[in-house]
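The values are calculated or read from the model by the stated rules, or taken from the named source; none is laboratory data. As the structure is a computational prediction, the values presented were derived from the model and not from experiment. Virtual Cβ from ideal backbone geometry, glycine too; neighbours counted across all protein chains shown. For the accessible areas, the whole protein counts, side chains as well, though only heavy atoms, and no ligand, DNA or RNA atoms are used. Shrake-Rupley method; radii C 1.70, N 1.55, O 1.52, S 1.80 Å.
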Amino acid sequence: MSEAAFYPVLTEIFRDVFMRDVALRPDLTARDVPGWDSFKQIEIIVALEERYGIKFHTKELDALNNVGDLARVLAQKTKT
Amino acid sequence: MSIVAGLHWLPEPQDWRARLNALATAADPSWESAATLASLRLDFIRTNALDATVRSHFGTAPPKGLATKPVRLAILGSGTLAHLHPGIRMAGLRRSVHIETYENDYGQYWQEIVDPASALHEFKPTTALLTLDGHHLAAGVTAGMEAEDVERSLREVLERVTGCWRGLREAFGCHIIHQLPLPVHPALVGENEQRLPGSRAAFLARLTAELRARAEIEGVDLLALDRWVARDGLDAWHDPGMWHRAKQEVALPATPVYGDLVARLIAAKQGRSFKCLVLDLDNTVWGGVVGDDGLEGLVLGQGSALGEAYVAFQDYARELSRRGVILAVCSKNDEANAVEPFEKHPDMVLKRGDIACFIANWNDKASNIRAIAQDLNIGLDALVFIDDNPFERALVRRELPMVAVPEVSDDPLGYPRALADAGYFEALAITDEDRARSSQYQANREREALRASVTDLPSYLRSLEMQLLWRRFDQIGLQRTVQLINKTNQFNLTTRRYTEDDVLAIMRDARSFGLQLRLLDRFGDNGIIAILIGRMANEEDLLIDTWLMSCRVLGRQVEPTSLNLIAAHAQLLGARRLLGDYIPTKKNGMVREHYVKLGFTPGEADGAGATRAVLDLGSFVPADTFIEVREG
């Protein structure tokens, strides 16, 4: 799947985690979204791991800066 | 991918987002409607969302008119605790228990326990959950240590933990739950890890064993996470990545189950565990449909794996009944067909005598389950109904949301696991009463048979040869007393809930009395069936603070006989009048006229419908009953 293909799922997960719609774009960062703290970050990560049956590398998580990074890592990890 | 420890016994939500949204946008939603959502298979995200929605409606104070005692839970620990709150609160909601939570500043559990000026002391917990993670407990232990140094460390940690328990008890007199650590350390030696004294894995294993023993001595209830790791695997419970990132000992996906474990202990402490397992028969207790396939056509017993699986389920149900869970049957069948396997099939583990209430007819199951609750004189919220048929499960859930209906497949292999994992029958103490319960229900049926054969009530009552044994509250009966005070809803004049410490305070108070009444008759011992608490309200008046009775013994003159006892004890304290309060609840309408029937002068009702009736002891003549009374 391409990176763009992950945005619908990411949007759904963000809506569940933040209980409101969050307009996602590649350069969106935690600073731009009220309530996106380190706990919410973990919730998003764990939800994605469960959804796709994957495990993020510690290095991958440390390097995440924005939503675009997240989509890119997802695309790489789910490539078969 | 790891297996997730989830709430697999609860049904998968349909239209989750729409239902959550309906709750969120409702003007004045009921606590019950929120509880219905909490009774679905929620993962951690849904749990968090429901928790936030519930808090936005109800705030942090318990809703009015709740039958259960609100709980103030302090979560005290060494790691990150914030992710544990929603799962615990929502599992409380699932059991209709309002739980307000608190956590200590990061790592400061000990300081907050000992400092009377701490926020913990301001919070005043009624329950404390102590969760000390494995890394914290084994800190300082290394493979290079001598055995005696390891031994000293072990003693120190044990003293520290026990010190926390005692500190909590002294400061708050609260219920204490200790969560055993997850075995997070990888092995250094291997299969015989215990041979290296300084192995942290071995240290934690020893510590866990010692904590089990200490908890028994100190009266602390355990949350045995090691048991769940054995069931699900460590990966389902602990994520090293999230430990390094956020110091979460319990992994996020496991937090709904974790919360349920905490809430079931809290509910059990209030005497609100489920009491009765209602069994469907065809394709639940045996394979096949007895009305169609006949006795010989049933799949049951040796010869097939499926037949053995049904035997294993029956065996589990019988073991549950031997430890105090009541068994009932609710089956769509002609009664004769339904009973036949119990009496004639050689591979049946369950016998007719194991079933306290047996209903087989063609009415709908919700009505029959109501009839079972009525027949056994227990609340619908004490029933668990197991059925292989999804239609019947859905019907009972819709009609009777307070009945627990585990989500199971039609493969009997999973039935014992579903019941065990759901923790419906969680018990903190196994009393002799629990073990004798099935035979008590059996004796009840024999009494009914006698009643049918004797023509008039007085001769029936006389023929029962009843004896009422009264005792003041004592340590031996303490558990049972607290259990009755907290679970009796129907015959309960004031529905005041008391903890062990409250009961101990009554025992110490010279101007109060607390009595436990036991009823014996020719069919056996009914156990403790009534609790009476009186206290002097002033120099002249004794207030009947609590009068509750098991509905099993209704209609047997226990009420007037109990009044004789109250009057006698009140006169010993110098009372001239008795004051009898009635505080109405959803469930205690049956005792509205209780005091009037006993000859009290009724009083005016206040705004909430509570009344105070008065009895002048100067002119009181003790009732003459067929019950012999003595202390014992």
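The residue of the stretch B:12-30 that is least open to solvent (accessible area, probe 1.4 Å), among those that are of a type in the set (A, V, I, L, M) and over 20 Å from B:GLU407 (Cβ atoms), is B:LEU23.
Looking only at residues of the stretch B:345-402 that are part of a helix (DSSP H, G or I) and of a type in the set (Asp, Glu), we find that the one that is least open to solvent (accessible area, probe 1.4 Å) is B:GLU392. When residues in the stretch B:277-306 are screened for being within 30 Å of B:LYS69 (Cβ to Cβ) and either within 14 Å of chain A (Cβ to nearest Cβ) or surrounded by fewer than 24 Cβ atoms within 10 Å (Cβ to Cβ) (or both), 1 of them pass. Comparison of B:PRO390, B:PRO401 shows that the only residue that is closer than 28 Å to B:LEU7 by Cα and free of Cβ contacts under 8 Å to residues at least 12 places away in the same chain is B:PRO390. Here the stretch B:60-103 is the region considered, the condition is being part of a helix (DSSP H, G or I), under 23 Å from A:LYS40 (Cβ atoms) and away from every other protein chain (no Cβ under 14 Å), and the residue that is most open to solvent (accessible area, probe 1.4 Å) is B:ARG89. Here the stretch B:480-505 is the region considered, the condition is being over 16 Å from B:LEU548 (Cα atoms) and free of Cβ contacts under 8 Å to residues at least 60 places away in the same chain, and the residue that is most open to solvent (accessible area, probe 1.4 Å) is B:GLU500.
Residue by residue, here is whether (1) open to solvent by 20 Å² or more (accessible area, probe 1.4 Å); (2) over 24 Å from B:ALA5 (Cα atoms); (3) touching a strand residue (DSSP E or B) at 6+ places or on another chain (Cβ under 9 Å) holds:
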{"site": "A:MET1", "(1), (2), (3)": "yes, yes, no"}
{"site": "A:ALA5", "(1), (2), (3)": "yes, yes, no"}
{"site": "A:LEU24", "(1), (2), (3)": "yes, yes, no"}
{"site": "A:TRP36", "(1), (2), (3)": "yes, yes, no"}
{"site": "A:LYS40", "(1), (2), (3)": "yes, no, no"}
{"site": "A:VAL46", "(1), (2), (3)": "no, no, no"}
{"site": "A:HIS57", "(1), (2), (3)": "yes, no, no"}
{"site": "A:ASN66", "(1), (2), (3)": "yes, yes, no"}
{"site": "A:LEU70", "(1), (2), (3)": "no, yes, no"}
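The criterion of at least 3 residues that are more than 9 Å from chain B (Cβ to nearest Cβ) and within 30 Å of B:ALA24 (Cα to Cα) is met by the following helices (runs of 4 or more DSSP H) wholly inside chain A: A:7-18, A:38-52. Looking across B:ARG169, B:ARG214, B:ARG160, one residue alone is open to solvent by 30 Å² or more (accessible area, probe 1.4 Å), charged (D, E, K, R), out of contact with any Leu (no Cβ under 8 Å at 6 or more places or on another chain) and more than 15 Å from B:GLY134 (Cβ to Cβ). It is B:ARG169. Based on this model, can you work out whether B:ARG272 counts as away from chain A (no Cβ under 14 Å) and not in a helix (DSSP H, G or I)? Criteria met by B:ARG272. Beta carbons closer than 6 Å, at least 6 apart along the sequence or on distinct chains, pair a first residue in the stretch B:305-329 that is touching a residue at least 40 places away in the same chain (Cβ under 8 Å) with a second that is aromatic (Phe, Trp, Tyr) and open to solvent by 10 Å² or more (accessible area, probe 1.4 Å) for B:VAL325/B:PHE425; B:VAL329/B:PHE358. Of all residues in the stretch B:180-189, one or more are away from every other protein chain (no Cβ under 14 Å), farther than 30 Å from A:VAL46 by Cβ, at pLDDT 95 or above and in contact with a helix residue (DSSP H, G or I) (Cβ under 7 Å, 6 or more places away or on another chain). Between B:ARG41, B:ARG46, the distinction of being within 12 Å of chain A (Cβ to nearest Cβ) and open to solvent by 60 Å² or more (accessible area, probe 1.4 Å) belongs to B:ARG46 only. Scanning the stretch B:109-159 for residues that are outside any helix (DSSP H, G or I), farther than 30 Å from B:ILE88 by Cα, in contact (Cβ under 8 Å) with a residue 24 or more places away in the chain and not β-branched (Val, Ile, Thr) returns B:ALA143, B:GLY144, B:MET145, B:GLU146.
Consider B:VAL184 carefully, then state whether it is open to solvent by less than 50 Å² (accessible area, probe 1.4 Å) and either farther than 30 Å from B:GLN270 by Cβ or out of contact with any strand residue (DSSP E or B) (no Cβ under 8 Å at 6 or more places or on another chain) (or both).
The answer is yes for B:VAL184.
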